[in-house]
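Asker: Structure incoming, see below.
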Protein chains: 2
Amino acid sequence: MSPATARQWLATALAEARAGLAEGGVPIGAALYAADGTLLGRGHNRRVQDGDPSAHAETAAFRAAGRQRSYRGTTMVTTLSPCWYCSGLVRQFGISRVVIGEAETFRGGHEWLAGLGVEIVLLDDPECVTLMREFIAERPELWHEDIGE
Amino acid sequence: MSPATARQWLATALAEARAGLAEGGVPIGAALYAADGTLLGRGHNRRVQDGDPSAHAETAAFRAAGRQRSYRGTTMVTTLSPCWYCSGLVRQFGISRVVIGEAETFRGGHEWLAGLGVEIVLLDDPECVTLMREFIAERPELWHEDIGE
């Protein structure tokens with residue numbers, strides 16, 4: 001994929017993360033794109049907003065995309081390295097590619113996915129890093145709850 | 001854990017699976033129990049009912065349990081070997097034990113979890129096997145959609 005497309009798709013996920021922060025939630029956003037670039041679904045972590053611990057950014061985007069016959073060629077874009085729960089989602093449903101804003105503040109299972117043949121695009125985006133760093137500093141207990149630590 | 005407790009908890013998951021089948025859905029059920037045996041949440045696959053591909057039995061039970069500070073000592077009981085998505089959930093949140101009705105019709109990530117120190121109790125329950133076998137024979141397209149194949 002072109003770097004411009006990766007950045008453009010990350011902007012969608014980042015807008016979701018900022019919406020989550022504005023709602024008082026965990027600022028992680030994601031979006032699922034089809035092989036042809038169609039946006040299938042977007043979402044953000046909703047632990048606080050819905051009292052729903054299963055609503056991580058990636059699962060929220062996956063849910064918003066509704067039922068799909070196949071995930072071949074799809075790309076999950078997320079502001080943060082996917083945790084094991086979300087990495088398992090990618091593996092089980094055969095999502096082909098994961099575009100990651102950053103993996104500096106948290107490292108999930110993206111290397112495991114790479115080893116399984118999933119294309120990983122790690123962007124090292126400074127805005128994504130700052131967003132998470134400030135959130136973790138301000139709400140460490142909420143962050144640890146969100147990743148089960 | 002005692003075999004009697006494992007069977008009793010599996011009965012909760014099996015009741016959920018049957019409720020899902022009666023609703024026209026994928027007949028997989030699960031329940032999350034606390035270390036002291038309190039039922040924290042129960043649920044079943046809701047792909048068909050809610051048009052929600054993220055609602056696997058285990059994630060539905062996890063969601064129903066609401067926000068928890070820790071999953072130490074908890075047990076996820078499920079009628080079927082957890083797929084990679086649900087196995088990732090168990091790993092990320094540190095769920096201590098998984099009780100599985102059967103792993104004959106489908107094998108997910110439970111051996112991976114065992115290797116990571118999660119206690120796995122595999123019951124080889126004939127009712128769970130029959131339920132899935134009949135469902136897969138009747139609705140193969142729905143089953144394959146549910147596991148992304």
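Asker: Please average, across the residues of B:141-148, the number of beta carbons from any other chain that are within 10 Å of each residue's own beta carbon, and give a whole number.
Answerer: Partner Cβ neighbours, averaged per residue: 3.
Asker: Starting from the Cα-Cα distance between B:Ser70 and B:Leu142, subtract it from 0.36 nm times their residue separation and give me the gain in nm to one decimal. Intermediate values should be presented prior to the final figure.
Answerer: Values: separation 72, 0.36 × 72 = 25.92 nm, distance 3.42 nm.
Full extension of this stretch gives 22.5 nm more.
Asker: Now a separate question. Output, in nm with one decimal and in ascending order, the distances from the B:Glu23 label point to the matching label points of the other copies (7 Å from Cα along Cα-to-Cβ).
Answerer: 2.2
Asker: Any idea what the dipole of the protein assembly as shown comes to, in debye rounded to 20, about its Cα centre with Lys/Arg Cβ at +1 and Asp/Glu Cβ at -1?
Answerer: Working: 28 positive and 38 negative charges, 37 e Å.
For this selection, approximately 180 debye.
Asker: Once you average over the residues of B:87-97, how many Cβ atoms of partner chains fall within 10 Å of each Cβ? If you can, show how the numbers build up before the last one.
Answerer: Values: counts 5, 14, 11, 4, 7, 14, 10, 3, 1, 0, 0.
Taking the mean over all residues of the peptide, I get 6.
Asker: In chain B, what residue has the beta-carbon at the shortest distance from the axis of the rotation relating B to A, and what is that distance in angstrom, rounded to the whole number?
Answerer: Axis-proximal residue of B, distance in whole Å: B:Gly88, 1.
Asker: With charges set only on the Cβ (+1 for Lys and Arg, -1 for Asp and Glu), what does the dipole of the range A:25-107 come to about its Cα centre, in debye to the nearest 20?
Answerer: I would put it at about 300 debye.
Asker: What do you get for Rg/Rh of chain B when both radii come from the Cα atoms and Rh is the Kirkwood radius?
Answerer: Using only Cα positions, Rg/Rh for chain B is 0.93.
Asker: If the label for B:Gly117 sits 7 angstrom from Cα along the Cα-to-Cβ line, what are its distances to the same label in every other copy, in nm to one decimal, shortest first?
Answerer: List, nearest first: 3.2 nm.
Asker: Put a point 7 Å out from Cα along the line to Cβ at B:Gly37; what are the distances to that point in the other copies, in nm, shortest first?
Answerer: Shortest to longest, the spacings are 6.1 nm.
Asker: With charges only on Cβ, +1 for K and R and -1 for D and E, what is the dipole size of chain A about its Cα centre, in debye, rounded to 20?
Answerer: In total the dipole reaches around 700 debye.
Asker: Step by step: find N for the range B:31-81, compute 2.2 N^0.38 Å, then divide the Cα radius of gyration by it. What's the final number?
Answerer: Normalised by 2.2 N^0.38 Å, the Cα Rg of the range B:31-81 equals 1.14.
Asker: According to the square roots a ≥ b ≥ c of the eigenvalues of the Cα gyration tensor, what is the shape class of the range B:84-149, taking rounded for a/c under 1.5, prolate for a/b larger than b/c otherwise, and oblate for the remainder? The partial results should precede the final answer.
Answerer: Working: a/c = 3.07, a/b = 1.58, b/c = 1.94.
Note, shape of the range B:84-149 comes out oblate.
Asker: Report the calculated FRET efficiency for A:Phe106 and A:Met1 (r = Cβ-Cβ distance, R0 = 30 Å), to the nearest 0.05.
Answerer: Computed FRET efficiency for A:Phe106 and A:Met1: 0.80.
The numbers here are math on the coordinates, done by the rules we state, and not lab data. As the structure is a computational prediction, the values presented were derived from the model and not from experiment. All Cβ positions, glycine included, derive from the backbone under ideal geometry; neighbour counts span all protein chains shown.
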